[in-house]
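Note sheet for the following structure.
The values are calculated or read from the model by the stated rules, or taken from the named source; none is laboratory data. Remember, it's a predicted structure, so these values are computed and weren't measured experimentally. Here the Cβ positions follow ideal geometry from the backbone for every residue, glycine too, while neighbour counts run over all protein chains shown.
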There are 2 protein chains.
Amino acid sequence: MMRTRPLKVALLGCGVVGSEVARIMTTHADDLAQRIGAPVELAGVAVRRPQRVREGVDPELVTTDAEALIRRGDIDVAVEVIGGIEPARALITTAFEGGISVVTANKALLAEDGSRLHQAADKAGVDLYYEAAVAAAIPLVRPLRESLAGDKVNRVLGIVNGTTNFILDRMDTHGAGYGEALDEATALGYAEADPTADVEGFDAAAKAAILAGIAFHTRVRLDDVHREGLTEVTAADIAAAQRMGCTVKLLAICERAADGRSVSARVHPAMIPLSHPLASVRGAYNAVFVESDAAGQLMFYGAGAGGAPTASAVLGDLVSACRNRLNHSRGPGESAYAQLPVSPMGDVVTRYHISLDVADKPGVLAQVATVFAECGVSIDTVRQQGKEGSDGDAWLVVVTHHARDSALRATVDALRELDTVLGVASIMRVEGE
Amino acid sequence: MMRTRPLKVALLGCGVVGSEVARIMTTHADDLAQRIGAPVELAGVAVRRPQRVREGVDPELVTTDAEALIRRGDIDVAVEVIGGIEPARALITTAFEGGISVVTANKALLAEDGSRLHQAADKAGVDLYYEAAVAAAIPLVRPLRESLAGDKVNRVLGIVNGTTNFILDRMDTHGAGYGEALDEATALGYAEADPTADVEGFDAAAKAAILAGIAFHTRVRLDDVHREGLTEVTAADIAAAQRMGCTVKLLAICERAADGRSVSARVHPAMIPLSHPLASVRGAYNAVFVESDAAGQLMFYGAGAGGAPTASAVLGDLVSACRNRLNHSRGPGESAYAQLPVSPMGDVVTRYHISLDVADKPGVLAQVATVFAECGVSIDTVRQQGKEGSDGDAWLVVVTHHARDSALRATVDALRELDTVLGVASIMRVEGE
C-alpha cells in the first residue's frame, strides 16, 4: 500500500541540528518510509559555507541558494534549522507561498512573529510544526496542543534552558560564583561564546512565549514576557536559598490569573524547595510542569538541547507533516481564540524572599514590618539572626505571602530607604509550593 | 468560520470516568467548540443502571441500549469507558461498522485484541484513539506514536499502576507488610474490592503490551508480557533493597534486545537505586521513562488514574477525532510493520539481587560461587555479613552481572539445593542503572 514517489524535503541549515536530521533521514530511511506511508527523500541542503565537509550529506545536495531550493517546485516539506529571524522568516514565508509545509526549531522567530507565520500557513493550507523550538526532544508542544486539547491548562512552570541550569547547578553544588560557573559552562560547550541569549533569559523567554500561547489559546509575544536573567544571581542568593531549604532555578512561568481573566508569562530566577521535583533537575537537563483542571500536575523531563535530541523532535514533526501531505489533511493550526490579556509583571501575584542586612538593635523589626504593612504586603515568616563575626549587625530574612509583584517591589524600594537597613543581601521570588 | 451543525458523541459507560467526560463536555463546551472548529454535543449516554442519579447528565440522554445509541445513524464519535472485554468489544466493532470513530480508555481490550480493532478502524476509515488506556492523563501514547515517530525507541521503563505503587511506597516508608499496606490502599480507595488486576500485575501488563506495541512497531499482546505481581514481595525484600540503597517498584519494562532483532515486555517487582528518578515516585503517581536513539532519556510523570485525569486524556483524543472528522482525515493508525519477535522471559537479559541465608563457615562462598559459574552467571558484587542474634548463620548478598533470565533462575534453583544454603531470603531483579 506504500506510495513509491518519495516526499521531498528541503533542509535549510546544516549545523549541529541539521546534520543530525540529515544523518537520521539517511540511516532510518526505511523506518521513516514505513511510518509515513511513503519514502521521504532529502532533496537539497541549503548552507552558508558549502566548503565545510558534512559527513553523511551527499555534496551534490548542498547549495547556498536556499530560496532557489524552496522554489524549485517539487518540495513537500521544508525543515528550517537556521535559527534567528532572517533569512529564516523570508524562507519560511516563501515556502508557505509555494504550498510547502514547514517544520522549524526556531524559537526566536516563533516568539517574535509566530502568529503571522501561522496565518501564512493557514492561508496556504499547509502545516507549521515546531516541537523542536521548545526543550528539544521533550514532547511539550504536541501534548499541549493535542493531548490537553480537552483540558484547561492553568500553569506551565519549567526549566527550559540547559545552559543556565548548568550554571546554577554549579553555583549550588560547587559553591562557584556566577563568573566561574559560566566559564566552566563555556569550556564544556554548554554556553556559547556570546552567552547573552541564555544568561539574560532571552532563550527561555522565547520558549515561555510559545508555551503560554499554546497553553492559553492566546497570542503571546516575546515582548509580553517579563524577563530577568541570572547575571545578578550571587553566591549570597544561593546561600540564602540553601538556608531556606531551597535551590535557585531560572524558571519560565506561564500562568492563568486566579480570576481566569488574564494570563502572564515570565522568566526569572526563583527559589524552589528542595522537595520540588524541579529542584533535582541537574546539569543541562530541562523539565516542565503543566498544571491543568482535569489532568492535574504533569511533568515532562529530558535533554532540552543538543543536535540529536533536537533532531528527534524535528523528525517527529516531519513524519506528521509528511503523513498530512499524503492524506491531504493538516495538523492543528494556531489556536488563539481566547485572546486573554497578558498582564504586565507588576500585576502578577508572586511571593518574595528578602534577606536584609540590618542593625541589630531594638525596633528594627517593627520598622521593617511597618514598611510591609504600608505597602499592603503581608509577611509569611520572618527570621532574625545575628551575623557571624559581627557585633552590631544581623540578618533579617522575610518571606512574604502572595502579593502583586509591584507591591513587593515597592516594599523593597521602601526598605532600602530605612536607616536601619544596611543593605539588601538577597531578593528572590519563591515558587513551586 | 465555525461549523454550526454539532458533532455528536455517544458516551458508552458513565462511571467514574464517564461522568467526568460528560461534565467537562458540558462545562467546557465553548472551549471544545473553538478547539475543534464545531460544537460537540453529547447525543446519548449508555449505562447499565439508568436509575442512578448522575449529576450534570441530562436524564433524557440516558439509555440502557448502547447498541441502539450507536446505530441511530447520526453519531460521529463513540467514547467507550465501560472497560473489560465485552460488551465493549462488540460495541466498538459496531461503531466502526457504522463509520464512527472511537475513543477508548480500555487497556484490557486493547492488550487482548488491539490489532483486530485497529484493522476494523482502518477498514472503516475512522479513528481509534486510546491515550487514556495507559497512565490516564500522562501523554504517552501520542508522544510515542507521533512525537517520537522519527526516532528509534529502545526502552520504555515505568511505574504504570498507582495501586501497587501506593502499596510498595507504604511498605518502604512505613515498614508495613504487604497485607497491611493493601488494607490501607483499599480503605483509601486506591485498591478495588478485588485487587487482583492490580496486585497480580494484569493491569500493568496490559499497559506494557500497549506501550511495547507502539514503541517497537510490533504487535504485542497481553500473553506476550511476562507478568509477576507484588503479592510475593515481603518485608525482607524491602529491607534487602534498603540495605542496597534501593527501593522496590513494580515496573513495566519494554525493551529492544541489544542486537535489535527482538523485543520483550515484562512486569515484575524490581529494585531500583534511590538515585533513579523513578525511586521518588510516591503514592499513586505514575512515571514512565522512554529511551531512544536521538532523544535520549525522556520522563513523563503524573496522576496515572482517577476520573478527572482519565477524562482529560479521553477529551484530548475526542478533540483529535472530531477535528479529523471535520477535515475528512484520520490520525495515525496501527504501526506494526516491524513485527519483531517477542522474546520469552527466559531469553531476556536481566540482573538479580539474591540474598541467601547461609551457614557461617569456611567454604560456603566457594560453593555458592561455583554454582554461579556452572550456570554461566557472573557475579558483580558479593557481601557476606553475620546475622544479628545468630551465632552460626550469615547473610550472603549477591548481585549478578547481566545474564539471561533463564540462567539466573537456574542459578537460584541450584543454590536452593546446597546444604549450606539454609534459605533464600530475597530474590529480586535490579533495574534502572
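Data table
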quantity	calculated
Filter pass, B:Gly316 being surrounded by 17 or more Cβ atoms within 10 Å (Cβ to Cβ), closer than 27 Å to B:Gly245 by Cα, touching a Pro at 6+ places or on another chain (Cβ under 9 Å) and outside the structural domain of B:Val412 (by TED's automatic domain parsing)	no
Scan of region A:144-168 for residues that are part of a loop (DSSP other than H, G, I, E, B), farther than 18 Å from B:Val103 by Cα and either within 14 Å of chain B (Cβ to nearest Cβ) or polar (S, T, N, Q) (or both), ordered by number	A:Lys152, A:Asn161
Residues located in region A:200-237, provided they are crowded, with 24+ Cβ neighbours inside 10 Å, touching a Ser or Thr at 6+ places or on another chain (Cβ under 9 Å) and in a helix (DSSP H, G or I)	A:Asp203, A:Ala204, A:Ala212, A:Gly213, A:Ile214, A:Ala215
Lone unmet requirement of (1) surrounded by 23 or more Cβ atoms within 10 Å (Cβ to Cβ); (2) under 13 Å from the mean Cα position of the chain (by Cα); (3) of a type outside the set (Ser, Thr, Tyr) for A:Ala241	(2)
Within region B:9-27, considering residues that are surrounded by fewer than 19 Cβ atoms within 10 Å (Cβ to Cβ) and under 30 Å from A:Arg330 (Cα atoms), the one farthest from the other protein chains (Cβ to nearest Cβ)	B:Thr26
Residues located in region B:76-87, provided they are among the β-branched types (Val, Ile, Thr) and closer than 21 Å to B:Ser312 by Cα	B:Val77, B:Val79, B:Val81, B:Ile82
Pair list, Cβ < 6 Å and 6+ apart or interchain, from region B:301-313 residues that are closer than 19 Å to A:Glu146 by Cβ to residues that are part of a helix (DSSP H, G or I) and among the charged types (D, E, K, R)	B:Ala308/B:Glu20; B:Ala311/B:Glu20; B:Ala313/B:Glu131
Only one of B:Gly213, B:Gly175 that is more than 23 Å from B:Ala239 (Cα to Cα) and in contact (Cβ under 8 Å) with a residue 60 or more places away in the chain	B:Gly213
Options B:Arg89, B:Arg3, B:Arg52: the member that is in contact with a Cys (Cβ under 9 Å, 6 or more places away or on another chain), away from chain A (no Cβ under 14 Å) and either surrounded by fewer than 19 Cβ atoms within 10 Å (Cβ to Cβ) or assigned to a helix (DSSP H, G or I) (or both)	B:Arg52
Filtered residue count, region B:289-326, keeping only those that are assigned to a loop (DSSP other than H, G, I, E, B), within 9 Å of chain A (Cβ to nearest Cβ) and more than 23 Å from A:Val314 (Cβ to Cβ)	1
Residues satisfying the stated conditions in region B:106-140, i.e. buried (at least 24 other Cβ atoms within 10 Å of the Cβ), in a helix (DSSP H, G or I) and within 14 Å of chain A (Cβ to nearest Cβ)	B:Glu131, B:Ala132, B:Ala133
Residues of region B:130-163 satisfying the condition of being of a type in the set (D, E, K, R) and touching a Leu at 6+ places or on another chain (Cβ under 9 Å)	B:Glu131, B:Asp151
